[in-house]
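Asker: Below you'll find the structure I mean.
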Amino acid sequence: MSISYCLICKEQVDLQITWKSLIPGSETNTCDSCYQTLVKINMPTCPGCFRPQNNHDLCPDCQSWEKDTAWKGILERNVSVYEYNDAMKEILSTYKFRGDAALVAVFEKDFYISYKANFKKKSIDATIPIPLSPERLYERGFNQAKLLADFLPLLQLEVLERTHHEKQSKKSRHERLSSSNVFSITNRSIIEGKNILLIDDIYTTGTTLRHAAQRLKEVGAASVSSLTLIRS
Ligand SMILES: [Zn+2]
Ligand SMILES: [Zn+2]
């Protein structure tokens, strides 16, 4: 039996033969205590953005997007897998900013399960990972959204380009809404009539995803939804 290490804390994982380890695809890549720090979002959530809340109504944020004629119906809905707690912040910073790409394997099973539970019935024609700008991709060495998209058994299209990068977090909501769209499309004709699932690591304000969705709708996408790892 090979020795296995937890991808999060790097401690050796105690490999016991349990019913779980006999199921194909359920290999342990985290220790139990690390895995338990990842909190999956439980219902009820906002039907628009998956924000955990006490009812099933569209949250005030989503209502204001839908009231704006420029953004109404641009993003059909977002689904997220995990809550953004302190443990997740730590894991995400290791993953993204310290370049630990191997960590993504921790999320594979839950990401796939969430896709199946929320999108299987509705046919999705293709996924599109939210791209990084070329300079950011060079810095980081990998696009975390693409690694997540690789977990799904769907055609993946890389037709979006990020024309320039701005630190969105430093702007107010109003500035974000009115800032120009950072995305452009490299292959317009293959989007027409397609149901697209955008993939990203985190849904914060929904601005990035809506900007990408706006470009896709402009070239004839039938619908654009998103699956994100975390709802902050
Ligand atoms: Zn661990
Ligand atoms: Zn919402």
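Asker: At Ser133 and Glu76, where each label point lies 7 Å from the Cα along Cα→Cβ, what is the point-to-point distance in nanometres?
Answerer: 3.2
Asker: Still on this model: Given a cut-off of 31 Å, name the pairs among Lys116/Lys217; Lys10/Lys194; Lys67/Lys109 whose C-alpha atoms lie farther apart than that in the structure shown.
Answerer: Details: Lys116/Lys217 24 Å; Lys10/Lys194 42 Å; Lys67/Lys109 36 Å.
Checking Cα-Cα distances, Lys10/Lys194; Lys67/Lys109 exceed 31 Å.
Asker: If each of Tyr5 and Glu108 carries a label point 7 Å out from its Cα toward its Cβ, how far apart are those two points in nm?
Answerer: The two pseudo-label positions are separated by 1.8 nm.
Asker: What number comes out for the charge environment of Thr186, summing +1 per Lys or Arg and -1 per Asp or Glu over other residues with Cβ under 14 Å away?
Answerer: On the way: positive: Arg162, Arg188, Arg215; negative: Glu158, Glu161, Glu218.
Here the count lands on 0.
Bear in mind these aren't lab numbers, they're just calculated from the coordinates by the rules spelled out. Since we're looking at a predicted model, the values are computed, not measured. Heads up, the Cβs are rebuilt from the backbone with ideal geometry, glycines too, and the neighbour counts pull from every protein chain shown.
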